[in-house]
Amino acid sequence: MGGASQSTIDLKLKVWRQKDAATGGRFEDYDATGISTDASFLEMLDVVNQRLIKGGEDPIAFDHDCREGICGSCSMVINGNPHGPERSTATCQLHMRKFNDGDTIVVEPFRANAFPVIKDLSVDRTSFDEIIAVGGYVSVNTGNAPDANALPVPKVDADQAFNAAACIGCGACVAACANGSAMLFVGAKVGHLALLPQGRSEHNERVLAMMDKMQELGFGNCSNTGACAVACPKDISFENIVRMNREYAKASIKKRT
Amino acid sequence: MNYLKSSIGRKQLMGLTGLIWSGFVLSHMLGNLLIFAGSDAYNKYSYALTSNPLLYLAEAGLVVTLLAHVFYGLKLKFENVEARQTRYAMPTNGEKAARFQSKWMAFHGSLILVFIIYHLITFKYGPGVEAGYVTTVDGVQMRDLHRLIVDVFQSPAYVFGYVLCMIGVGFHLSHGFYSAFASLGFYHPKYSDWLSKLGYVYAVVVAAGFISQPLYVYLFAEAR
């Protein structure tokens with residue numbers, strides 16, 4: 001790793017190719033030659049795909065959308081690390097200058113039972129939507145936008161809520177977790193709403209519903225390794241998991257049915 | 001969902017039972033250090049413990065918490081294996097890798113369980129007064145546990161195995177201590193780093209304390 005001095009580099013790729021969810025996959029080797037060091041990782045894959053299409057081959061399927069690190073679409077594991085080796089970086093924001101000429105790069109899809117592979121590097125993350133659907137929102141009718149200072153929010157709470165709200169739902173936490181657990185994702189969603197007055201009123205029902213859904217969907221259990229938080233492209237803090245542990249216990253005691 | 005069926009509920013039970021055992025291993029280790037105070041002090045301490053009827057209550061508590069810890073630990077482990085069946089071709093590495101010991105909790109946990117059973121057979125249910133391991137301290141006749149320890153730790157294989165298992169205890173505590181607090185909901189940006197370091201210190205102190213006894217006996221004490 002490190003900054004390359006050349007403006008283009010030649011790479012060898014080992015990419016996971018899988019036709020569909022039902023078929024088994026395997027690694028295929030590709031040469032990625034003459035790649036600009038200014039290109040992003042996704043642009044590098046675009047170049048490789050253009051050549052594959054020209055040669056009449058099936059291009060590598062991968063998810064992407066905004067390409068500016070905020071949509072959470074790009075999902076792949078690069079050399080064993082979700083979103084590649086750089087901290088606080090989504091795959092689309094990872095630049096080829098971080099690699100050296102002649103490097104071999106292994107590219108795999110996110111691995112978790114709750115994220116089945118659709119094709120190649122593209123995985124089905126519908127399970128995240130299902131978790132959100134059971135409580136990741138504020139359902140009270142808030143009417144018109146309230147006066148700016150009507151609901152005071154302490155700075156400490158606002159900062160923590162903002163850290164949690166930065167979650168783009170990419171699933172890197174699940175991919176990084178040896179147990180395929182979604183605790184950081186759920187913790188971020190629960191925390192972001194529970195820390196603010198608009199979401200606080202429903203926080204007990206929310207944490208129970210979202211955690212139970214996570215478990216039902218086949219995500220694993222948290223063993224506090226912290227791998228999720230370091231893999232997170234948005235630096236969501238591990239504190240979100242711990243806060244949720246606390247909230248869950250309290251909500252379990254308080255629930256009336 | 002029932003709290004004890006929930007992922008977080010089970011983790012919290014793991015944390016709570018783990019903390020109880022963390023306290024127990026520290027007190028057990030401190031008791032073992034009496035080996036340095038001589039055979040009379042060692043046997044008197046052992047006698048004071050075993051002759052106290054409250055010991056049964058403490059033992060029952062330890063057995064129940066251990067069984068719960070093992071049962072839910074294995075259950076969670078099996079669920080976790082189920083949740084991530086495909087491994088990556090390359091392991092997570094560099095800055096994004098998890099602490100090594102945190103990924104092997106079930107492994108050193110199992111090692112410790114086997115050790116505990118073997119340990120109880122050797123010492124607690126091992127030869128006692130009727131087998132001739134008897135001594136008199138301050139006019140009271142009691143089991144000569146000190147002599148049994150000295151006899152057992154004459155075997156280099158036993159000492160090696162014991163030391164290895166105590167290193168396992170150290171690894172287990174180095175993640176478990178901090179992890180228990182996290183599962184139970186304790187996190188504070190000011191104290192959590194400190195707590196994580198305390199977990200390492202705790203692990204090293206407990207493991208080193210336990211290891212000191214067999215090494216001291218093997219190297220310096222002579223069988224009678």
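The values are calculated or read from the model by the stated rules, or taken from the named source; none is laboratory data. Keep in mind the model is a prediction, meaning the values are calculated, not measured. Ideal geometry is used to build each Cβ from the backbone, glycine not excepted, and the neighbour counts take in all protein chains shown. Each accessible area value is taken on the protein alone, full model and side chains, heavy atoms only, with ligands, DNA and RNA left out. Shrake-Rupley method; radii C 1.70, N 1.55, O 1.52, S 1.80 Å.
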B:S110 accessible area, 1.4 Å probe, all protein chains in place, Å² to nearest 10
60 Å²
Under the Karplus curve 6.51 cos²θ - 1.76 cosθ + 1.60, θ = phi - 60°, whole-Hz ³J(HN,Hα) for the stretch A:107-123, x wherever Gly or Pro sits
10, 10, x, 4, 10, 6, 4, 6, 10, x, 6, 8, 6, 6, 9, 8, 10
Given a 1.4 Å probe and every protein chain left where it sits, what share in percent of the accessible area of the stretch A:126-254 is carbon and sulfur?
56 percent
Under the Karplus relation 6.51 cos²θ - 1.76 cosθ + 1.60, θ = phi - 60°, what is the ordered set of whole-Hz ³J(HN,Hα) values for the stretch A:213-228, x standing for Gly and Pro?
5, 4, 5, 4, 7, x, 6, x, 9, 7, 10, 6, 6, x, 4, 4
With a 1.4 Å probe on protein heavy atoms only, work out how much accessible surface A and B bury together, total over both chains, in Å² to the nearest 100.
3600 Å²
Please give the calculated 222 nm ellipticity per residue for the protein assembly as shown, where each DSSP H segment of at least 4 residues contributes -39500 (n - 2.57) and the sum is spread over every residue; nearest 500 deg cm²/dmol?
-16000 deg cm²/dmol
I'd like the accessible area for B:H119, computed on protein heavy atoms only with a 1.4 Å probe and all protein chains in place. Round to 10 Å², please.
40 Å²
Amide hydrogen neighbours beyond the local backbone of A:A32, cut-off 5 Å, H modeled
A:L11, A:K12, A:L13
Positive dipole terminus of the protein assembly as shown, leading residue within A:T8, A:P116, A:T23 (C-beta point charges)
A:P116
Sites matching trypsin sites (Lys or Arg not before Pro) across the stretch B:63-118 that sit in DSSP coil, with at most 14 neighbouring C-beta atoms within 10 Å
B:R87
Rounded to the nearest 10 Å², the accessible area of A:S201 using a 1.4 Å probe with every protein chain kept is 80 Å²
At the level of C-alpha centres, the distance separating the stretch B:159-197 and the stretch A:198-219, in angstrom, is 29 Å
In Å², and per residue, what accessible area does chain A have when probed at 1.4 Å with the other protein chains present?
43 Å²
Highest-MSF residue in chain B out of B:S102, B:S51, B:S174 [GNM, Cα springs under 10 Å]
B:S51
Using protein chains only (no ligands, no nucleic acids) and a 1.4 Å probe, work out which residues of the stretch B:75-95 have their accessible area cut by at least 30 Å² relative to the chain alone.
B:N80, B:A83, B:R84, B:T86, B:Y88, B:A89, B:M90, B:T92, B:N93, B:E95
